[in-house]
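Each remark here refers to the structure printed beneath this line.
The values are calculated or read from the model by the stated rules, or taken from the named source; none is laboratory data. Since we're looking at a predicted model, the values are computed, not measured. Cβ sites come from the backbone with ideal geometry, for glycine too, and all protein chains shown count toward neighbours.
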2 protein chains.
Amino acid sequence: MIRPDQELQPGQLLARGVCRHLRSHGFVSVEEFVPVRGLRVDVMALGPKGELWVIECKSSRTDYLSDRKWSGYLDWCDRFFWAVDEAFPAEMLPDETGLIVADSHDAEILRMAPEGRLPAARRKVMIRKFATHAARRLQAYRDPKLPPLPEVEPD
Amino acid sequence: MIRPDQELQPGQLLARGVCRHLRSHGFVSVEEFVPVRGLRVDVMALGPKGELWVIECKSSRTDYLSDRKWSGYLDWCDRFFWAVDEAFPAEMLPDETGLIVADSHDAEILRMAPEGRLPAARRKVMIRKFATHAARRLQAYRDPKLPPLPEVEPD
């Protein structure tokens with residue numbers, strides 16, 4: 001399950017740099033997180049005070065333009081960021097979103113996203129979902145012979 | 001970091017079976033979780049409604065008798081269980097605790113632990129800590145070349 005760099009998609013390489021960098025802000029992260037059925041975010045990060053940030057990683061103009069769902073992500077986080085590489089035309093991105101420049105090794109927040117605080121009940125549900133997501137994927141690494149459950153788990 | 005069976009301690013092998021089994025109850029688990037400085041529990045499990053269970057894995061009579069801290073774990077969970085193997089003299093264990101019989105492949109709850117519900121504020125802190133623990137360890141697997149942070153992270 002540990003995939004070498006060349007097997008990761010460009011967006012996944014950006015996500016790796018983003019997740020590394022977010023640690024310096026005290027945030028832990030998971031990738032490919034599903035806040036609600038039908039939505040999947042590239043990075044969901046959890047801060048030391050329970051803050052939730054969503055980061056969408058866009059490797060190209062086309063990748064960005066094909067994402068018609070992004071405004072829906074705003075309802076599931078306190079702050080929303082794009083992560084792009086240095087070559088990306090950042091002026092395309094909406095002003096009212098955060099901006100991170102990343103590569104596969106590291107990243108930097110260039111523009112802090114405005115805050116739209118989650119309601120307490122939703123934050124509670126999201127943090128529990130984050131915990132479940134992280135623990136399930138961790139177990140798959142820790143116990144690679146983990147037998148599948150007889151039934152499909154609800155998400 | 002994925003260690004073959006022969007490198008795991010007897011207690012860790014029990015923990016693996018416990019974590020596998022808990023999935024069938026809808027629980028996800030992390031191992032070696034620190035609810036508060038100075039206390040480390042073998043398994044902390046998180047249920048679908050935010051329930052928190054602690055499971056201490058004891059591979060032998062001596063292992064059990066040397067644990068003088070266990071009653072302190074009760075303050076950090078809704079239910080507390082011992083996990084032991086079939087050969088363990090289960091009659092030694094206090095009646096008012098849960099009992100799981102485990103091996104390295106699976107486990108079974110023989111006696112449900114009584115419930116002592118956590119206060120809401122503590123549950124919230126514990127779930128956030130659980131999420132942080134799981135995400136940090138997951139990242140170490142996902143990104144094995146993760147550079148260390150310049151400073152020690154608070155726990």
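Below is a table of values for the structure above.
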item: Checking residue A:136 against (1) within 18 Å of residue B:124 (Cα to Cα); (2) of a type outside the set (A, V, I, L, M, F, W, C); (3) within 13 Å of another protein chain (Cβ to nearest Cβ), the condition it does not meet; result: (1)
item: Yes/no for residue B:73 being within 23 Å of residue B:35 (Cα to Cα), touching a helix residue (DSSP H, G or I) at 6+ places or on another chain (Cβ under 7 Å) and not charged (D, E, K, R); result: no
item: Filter result (closer than 15 Å to residue B:126 by Cα, touching a residue at least 12 places away in the same chain (Cβ under 8 Å) and over 14 Å from the mean Cα position of the chain (by Cα)) within segment B:37-71; result: B:37, B:48, B:50
item: Residue identified as away from chain A (no Cβ under 14 Å), closer than 17 Å to residue B:129 by Cα, at pLDDT 95 or above and in contact with a strand residue (DSSP E or B) (Cβ under 9 Å, 6 or more places away or on another chain) among B:75, B:42, B:85; result: B:75
item: Criterion: surrounded by 15 or more Cβ atoms within 10 Å (Cβ to Cβ), in contact with a Leu (Cβ under 9 Å, 6 or more places away or on another chain), of a type in the set (Ser, Thr, Tyr) and under 19 Å from residue B:33 (Cα atoms) - qualifying residue of B:97, B:132; result: B:132
item: Verdict on residue B:74 being surrounded by 13 or more Cβ atoms within 10 Å (Cβ to Cβ) and not in a helix (DSSP H, G or I); result: no
item: Among residues of segment B:110-128, those that are more than 9 Å from chain A (Cβ to nearest Cβ), under 29 Å from residue A:126 (Cβ atoms) and either touching a residue at least 40 places away in the same chain (Cβ under 8 Å) or touching a strand residue (DSSP E or B) at 6+ places or on another chain (Cβ under 8 Å) (or both), counted; result: 7
item: Filter result for the condition that a residue is closer than 26 Å to residue A:24 by Cα, part of a loop (DSSP other than H, G, I, E, B) and among the small types (Gly, Ala, Ser), over A:83, A:131, A:87, A:135; result: A:87
item: Residue match in segment B:90-98 (condition: assigned to a helix (DSSP H, G or I), touching a residue at least 24 places away in the same chain (Cβ under 8 Å), farther than 18 Å from residue B:19 by Cβ and hydrophobic (A, V, I, L, M, F, W, C)); result: yes
item: Given (1) in contact with a Lys or Arg (Cβ under 6 Å, 6 or more places away or on another chain); (2) within 9 Å of another protein chain (Cβ to nearest Cβ), number of the condition residue A:34 does not satisfy; result: (2)
